[in-house]
Amino acid sequence: MTEQLIVLQALRLKGRVRADDLADSVGLDSNTMTADLEALVAAGFAAETNGRYKTTPEGRTRLAELLDAERATLDTDALTSAYEEFDAFNDDLKALMTRWQLKDESTPNDHSDAAYDAAIVTGLRALHERFAPLLSRVVEQAPRLTRYPTRFTAALEKVESGDTSWFARPIADSYHTVWFELHEELIGLTGRTRAAEAAAGRAL
């Protein structure tokens with residue numbers, strides 16, 4: 001059931017998404033992803049409209065069952081410790097995002113200042129490298145998350161190559177999107193909720 005869990009969870013995190021885009025995120029080939037999604041639709045766990053897929057209420061119930069079963073096999077103490085360490089990195093990423101969007105409290109960043117943006121990208125690279133050891137520990141504890149290092153690196157390389165939309169673009173596997181999804185995974189794996197984390201000021 002691991003592949004079903006991976007696909008259902010990716011579908012929940014992405015919302016309405018095309019099969020090819022979902023395949024890229026989870027590391028499956030397009031044919032396998034299409035077959036998996038069609039099986040989910042047949043089971044009533046997903047629905048398709050105009051080539052885009054989403055989870056159904058039944059799919060979300062099934063996903064909750066699979067996530068509960070997975071959590072029971074994991075070292076939740078180790079994951080909780082990792083999540084507590086993640087909090088500081090999350091603050092750093094939020095600070096970079098704020099600088100990317102605003103030059104000061106009232107001046108939007110129009111990205112006309114190449115040096116200003118380059119300094120932020122340099123900061124993102126530094127964060128990426130500092131975060132890598134913790135991410136490796138998380139993946140070791142929760143192998144289902146094995147694609148995250150590759151996804152982060154791919155997004156960062158696109159940013160560094162000049163396509164800075166991959167920093168925070170919401171409809172792609174941008175660095176911010178992948179970070180948000182990892183945060184959601186950690187919240188769930190440690191038995192927390194997004195609402196509680198937002199109230200505690202730890203939401204991205």
(Q) Under the rule of at least 5 residues apart or a separate chain, name every residue whose amide H is placed under 5 Å from the amide H of residue 46. (A) 41, 56
Q) Which far-off residues, 5 or more places away or on another chain, put their amide H under 5 Å from the one on residue 18, with H placed in the peptide plane? A) 53
Q | Cα-based equivalent ellipsoid of the stretch 1-83: semi-axis lengths in Å, sorted from largest, via gyration tensor | A | 24, 14, 11
Q: Obtain the radius of gyration and the Kirkwood radius of the chain from its C-alpha atoms and give Rg over Rh.
A: 0.98
Q) How far is helix 76-101 tilted, in degrees, relative to the longest principal axis of the Cα atoms in the chain, given as a value from 0 to 90 rounded to the nearest 10? A) 50 degrees
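Throughout, read-outs are computed from the coordinates displayed, never taken from laboratory work. Just so we're clear, the structure is a prediction, and the values are computed from it rather than from any experiment.
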